[in-house]
Amino acid sequence: MRRIRVLVAKPGLDGHDRGAKVIARAFRDAGFEVIYTGLRQTPDQIAEAALQEDVDVVALSILSGAHNTLLPRTVEALRARGLHDVLVVAGGIIPARDIPGLKAAGIAEVFTPGTPTQAAIDFINQRLRPA
Amino acid sequence: MPESRDAIAAAQERWHKEVAAPSLARFPERQAEFTTNSGLSVQRLYTPADVEVDYLRDLGFPGEYPYTRGVQPTMYRGRLWTMRQYAGYGTAEETNARFRYLLENGQSGLSVAFDLPTQIGYDSDSALAEGEVGKVGVAIDTLADMETLFAGIPLDRVSTSMTINAPAAVLLAMYIAVAEKQGVSPARLSGTIQNDILKEYAARGTYIFPPEPSMRLITDIFAYCAREVPRWNTISISGYHIREAGSTAAQEVGFTLANGIAYVQAALAAGLKVDEFAPQLSFFFNAHNDFFEEVAKFRAARRLWARIMRERFQARDPRSWMLRFHTQTGGSTLTAQQPMNNIVRVTLQAFAAVCGGTQSLHTNSWDEALALPTEESVRVALRTQQIIAYESGAANTVDPLAGSYYVEHLTGEIERQAAAYIAKIDEMGGAVKAIERGYVQREIQEAAYQYQRQVESGERIIVGLNKFQMEEVPPENLLTVDPAVQEAQRRRLAEVKARRDQAAVDRALAALRTAAQGTANLMPPILDAVRAYATLQEICDVLRAVFGEYRPTEEV
C-alpha cells in the first residue's frame, strides 16, 4: 500500500506558519509523505499543487480570519479539477460557530488551537485506512 | 560579599550531605531534572557561588552602561511604562472608535494593527485581498483612510506604534501627511514603525521585496528620520514573532540582536554614522510564562546590546547603547480551553515585562485564542497593566529582582547563549545570509516541534489543555468582523480614485520609479505620492517592478 500523501497548505495572506510546519513534521514522523506549499497560496494554487502531487489529503492552516471565504473556495477549486476524493481538513483559529458552515462546504474536520497533532493523524488514518 | 565562593561551595556540600540528602531519601523530588520553559537547566538552589557577576562591570546603575538594571535612572518611579494596546480591525472609522475608547480608558499610546493586504502592499480591491480586508487589522488604501483613522486624535499629543514592515515607508509617509494636515510638524511626532524585514523572512511572513532593496528602504528611513522626524523610533527590531514561531528565550535574544547588528551594518554601509541613527533603534520582545527566565531575558538583552554597540560598533553616544523595548505578552501561550485562565497567564507575563524594565507593554486579551478581542476583554487586559502599575508595588523600585542569585545566574546564561548564536550567525556572514540559508528558520522550527512533543507527551503541563481539562461550551460574544467591510472599503477606495488628480498621481509614481532605479532616498518621493492620494498598492507595485519580489525556499 502506498504511503498517505498530504499537502500542507497556507491559504490566504497570513504568515503564521508555526502550526503548519509543526503538523507537517508530525505527519512525516507518522509515516505520511508531506508536501508543504509555503505561504500565501490562493485556492487555485493549492488545488493545482494537490493535482500535480497526487495527494490523498489537503491540510489547510489558516489564522487570518479569512477561513469562511478561502476554505470553501479551496474545496471548490479541488472539485473543479476532479479531485472529489481528496480529504480536506483545516486547522487554525477558527471560532466554533464557523465550523458547521465549513463542514457543510466540504471540510471534513476542523482542528482548533490545542488539538494534539496525534488527533489529526488519527483522523486521517481512520478516514483513509479504515480497519 | 564577605564569604568567598569556595567557602560557600564547601558549606553547600556539607548542607547537601547533612540536610538535603536525608530529606531527598524520604521525599524524592517531583522530577529527575528541572528546566526553564526554554529548556535551561535549573538547579535545586542558587547561592552567591553560582553568580559570576562583577557588580560594577556587569550590573552597574540604571541609566548607565551596561544598562542591565534599566535604561532610565529612576525607571517607573518617574513615569510608568506606556500602556499600549495593539488594536485595529474593519474600517478606519471602527478602529478610530476603538482608539478613542482606549484613550478614554487611560491608555497612554496607540498601536495600529493593519490588515494583511495592507501589510503586504495590496489594496482592498485586489483579488489577493479577498476575504482578508479588515480581518486582522484595519484596511488602509490611501491617505484618506489614514485621515479617518486619526480623526480627532492630535498627533502631537499621542505616540503611535505601527506594526508595518515591508511597506513601512509608505505608512510612515501617510502618518506624516496626516500630521501636516493637522498642522503638526514632523519634528514633533513620536512613535514607532516596526520596519523589521529580517524577522518577516525568518518568522512572520509579511515580506514583499528581496533583502537588498528591503535593507535600502530601511536605511533610507533611518537617514530621513534622523533629519526630519527625530523623535521617531525608525525600527522595532522584533524578537516577538521569533518567539511566537517557537524559539527559546535565548534564541529570541540571539536572533533579534543578530538582526539588529545587520541593520547597523547596513546603515553604516549606506554612509550613516552610528550615533546618527542608533539612538532611534528600538526593540520588541515577547513575555512568556516562566517569570524568572523572562525577567532575566530582558536584562540579558539590554546588557548584550550595550556591549555590542559600544565595543563592536564603537558608538559613543550613550543613547546608542540603550536597548529600549516594547513587550507584548505571548499569544501562543494562550489556550482556547478554559480561556478565562488566560487572564492569569497574561498577568504573569506582564509582571515579568515590568520587572524586566519594559518601556511599553501590550497585554493580550483572554479570548485571543478564539477570535479577535472584544472591547470588554481588551479592557480587562488594560486593567491588568493598571493593577500591576498601581497595586503590585513592582513600579516602586528599579530592577527589583537584581541580586537574586537565580535571576542573575539566568541573566548570565541567556546572555552567554545568545552571544553564541550571534557568533554562529557572524560566521555565516551575518543575519541576512543565515536567514537566506534557512538556518534561523530551522532552529526555530526545531524548538517549536520539541515544545509540541513535550506538550503531547505530558512532560510539559498546560493547565486546561493537557491537565485539569473539563467539558466546556464554546464561549459566546466573540468579536466578528462584518463581511460588509470589504465592500465598504472597496467603495471608499473607488471614490478616492475618482476624485483625486490622476495626472498628479502619475507624475508622483513616475518620480518614485526614477528614484527607486537610482540611489536617492525614497522617503521624499513616497511622501509626494501619498500626498497625491496614490494608493498603497500603486506605490508598492512601482517598487515591485524595480526591486522584484522575495521568493522563499520553503523547507520543513
Exercise for review: Kindly put A:Leu60, A:Leu83 in sequence by how many other C-beta atoms sit within 10 Å of each C-beta, fewest to most.
Suggested key: A:Leu83, A:Leu60
Revision key, fill the gap. Partner shielding of A:8-16, taken as the mean number of other chain Cβ atoms within 10 Å, equals 6
Exercise for review: Please give every one of the aspartates and glutamates within straight-line cross-link reach of B:Lys181, meaning a C-alpha to C-alpha distance under 15 Å, and leave out same-chain neighbours fewer than 8 residues apart.
Suggested key: B:Asp145, B:Glu147, B:Asp156, B:Asp528
Practice item. Please work out the C-alpha center-to-center distance from region B:405-473 to region B:199-255 and express it in whole Å. Key: 20
Exercise for review: Would you pull out the residues with amide H under 5 Å of B:Thr82's amide H, same chain only if 5 or more places away, H placed 1.01 Å from N?
Suggested key: B:Ser360, B:Leu361
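With n ≥ 4 as the cut-off for DSSP H runs, can you work out [θ] at 222 nm for chain B, using -39500 (n - 2.57) per run divided by the number of residues, rounded to the nearest 500?
That calculation yields -14500 deg cm²/dmol at 222 nm.
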**Study point:** region A:5-126: C-alpha gyration tensor shape, a/c 1.5 cut-off, then a/b vs b/c
**Key:** rounded
**Study point:** Ascending count of other beta-carbon atoms within 10 Å, so fewest first, for B:Tyr449, A:Tyr36, B:Tyr550, B:Tyr55
**Key:** B:Tyr55, B:Tyr550, B:Tyr449, A:Tyr36
Revision key, fill the gap. Between the alpha carbon centres of region B:327-355 and region B:55-99 the gap in Å comes to 18
Review point. Residue by residue, what Karplus-based ³J(HN,Hα) values in Hz, rounded to whole numbers, does region B:130-147 have, using 6.51, -1.76 and 1.60 with θ = phi - 60° and x for Gly and Pro?
Key: 3, x, 9, 5, x, 7, 9, x, 7, 8, 10, 9, 9, 3, 4, 5, 5, 4
Study note, to complete from the structure: Over the Cα atoms of region A:62-131 the radius of gyration and the largest Cα-Cα distance (Dmax), both in Å, equal 12.4, 36
Review point. By what distance, in whole Å, do the Cα atoms of chain B stretch along each of the three principal axes, largest value first?
Key: 88, 58, 48
Check your understanding: A:Val88's amide H: which non-local residues (gap 5+, or another chain) put their own amide H closer than 5 Å, with H modeled 1.01 Å from N in plane and none for Pro or chain starts?
Key -> A:Val58, A:Ala108
**Study point:** Mean separation of Cα contacts under 8 Å, 6 or more apart, over the residue count of chain B: relative contact order %
**Key:** 18
Point to revise | Residue (of B:Gly137, B:Gly458, B:Ser238) at the positive-pole extreme of chain B, dipole from beta-carbon charges | key: B:Ser238
Check your understanding: Where in chain B are the helices, taken as whole DSSP H runs, whose Cα atoms extend 20 angstrom or more along the long axis and whose Kyte-Doolittle mean reaches at least 0.5?
Key -> B:168-182, B:249-269
Point to revise | For B:Ser159, distant residues with modelled amide H under 5 Å away | key: B:Leu110
Exercise for review: Classify the protein assembly as shown as rounded, prolate or oblate, taking a ≥ b ≥ c as the square roots of the eigenvalues of its Cα gyration tensor: rounded when a/c is under 1.5, otherwise prolate if a/b is larger than b/c and oblate if not.
Suggested key: oblate
**Study point:** Partners for B:Lys199 among lysines (Cα-Cα distance below 27 Å; same-chain residues under 8 apart left out)
**Key:** A:Lys10, A:Lys21, B:Lys135, B:Lys273, B:Lys297, B:Lys424, B:Lys433
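A short reminder: the numbers here are calculations on the coordinates, not readings from a lab. The structure presented is a predicted model; accordingly, all values stated were derived computationally and were not measured. Cβ coordinates were reconstructed from backbone atoms using ideal geometry, including for glycine residues, and neighbour counts include every protein chain displayed.
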